[in-house]
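For reference, the structure is listed below as C-alpha cells.
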Amino acid sequence: MKRLLLAIFLVILSVGFVFSQNVSVSDYQVPVSSAKNLLLNANWNWAQTGDTVTTNNMSGAVFFRTFYSSLPFAWFIDADGAANRSLGNKWQLQTNLSGRVNKYVWDDQDWFGFGRARVRYERPAVGPEWDQPASDLTIGAGYGRFINATALAKAVRIEGHLLKEGVIKNHMPKEIMIEVANIIEREGEYKDLYGATYEVQWFKAIEEKIKESGELIGEHLGAMGFYRTR
C-alpha cells in the first residue's frame, strides 16, 4: 500500500513539474531589435541695458542613436555634438562618435568577432583653435555562444505572479511566453522610440500578447498586472 501511495505521489509530482515548465532556455531565441533616436536642443539668452548688450549666450546640442541587435549580428552607433558661445568669447564645440559591431563569422558555428571605435573632437572657448582628436579602436575575436535568457526568466516570474494574483487562469502557451520575453528584451528599443513615456507602449505590447493566450481573466491586466510586469 505504501509503495502504491508513493508511486501515485511521484506521478502527481512529475505531472505537476512538467505542467509548470512550459518553456525552457533552449526554446528562447534572441529577438531582432532596431531603433533610431534623434534629439535636438537649443537655447538663447539675451539681455540689454540701454544701448549695451550685457548677455548674449547661445547653446545647442544634438544627440543621435541607432542600433540593430540580433543573433548573430548587431551594431550600435552613437553620436552627439554640442556648441555654446558666451558674450565676448568664440564658439566652443565638442563632438563624439562611437560605434560597436558584434558578428558571428559563421551562423552555424561559435566563432565571433567584435569591434569598437570612438572619436572625440573639440574646440575650446579659449586656447588652440582645435584640440587633437582623441580616438581609440578595439578589435577582437573569440569562441563561444551566449544567449541572455534573463528576459525569459522575467517572463516566467511575471506569469507566476499573475497566476498567484488571479489575473490569469492557467499557465500560458510556450509560444506566448517566448513572445512576451522578446518584448521584455526589447525594452531599450521602446525607450528610444517613445522616450520618457515608453512604459505605456511597452506594457500595452505585453498585455496584448497575454490576451492572445486566452488565459487572461477580464479585459485588461489592471493595476496589479501592470505592477507585476515592471
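Rule-based calculations on the coordinates, nothing more; no lab input. Note that the structure is predicted; figures quoted are calculated from it, not measured. Virtual Cβ from ideal backbone geometry, glycine too; neighbours counted across all protein chains shown.
Brief remarks follow.
- FRET efficiency for the pair Ala47 and Ile139, taken as 1/(1 + (r/R0)^6) with r the Cβ-Cβ distance and R0 = 45 Å, rounds to 0.30.
- From least to most packed, judged by other beta carbons within 10 angstrom and beginning with the fewest, Glu179, Glu212, Glu159, Glu219 follow the order Glu219, Glu212, Glu179, Glu159.
- Here the average projected area of the convex hull drawn through the C-alpha atoms of segment 136-221 stands at 8.2 nm².
- Label point distance in nm, Thr54-Leu87, each placed 7 Å from Cα along Cα→Cβ: 0.8 nm
- D (Stokes-Einstein, µm²/s), Kirkwood Cα radius, segment 171-212, 1.002 mPa s at 20 °C: 204 µm²/s
- Each 5 Å bin from zero holds the following percent of Cα-Cα pairs in segment 33-143: 2, 10, 14, 14, 14, 12, 10, 7, 6, 4, 3, 2, 1, 1, 0.
- Per-residue Cβ neighbour counts within 10 Å put Trp91, Trp202 in the sequence Trp91, Trp202, beginning with the fewest.
- Using a Förster distance of 25 Å, the FRET efficiency for Leu40-Phe73 (Cβ separation, nearest 0.05): 0.25
- Here each label is just a point 7 Å from Cα along the line to Cβ, and for Tyr198 and Asp108 those points are 3.6 nm apart.
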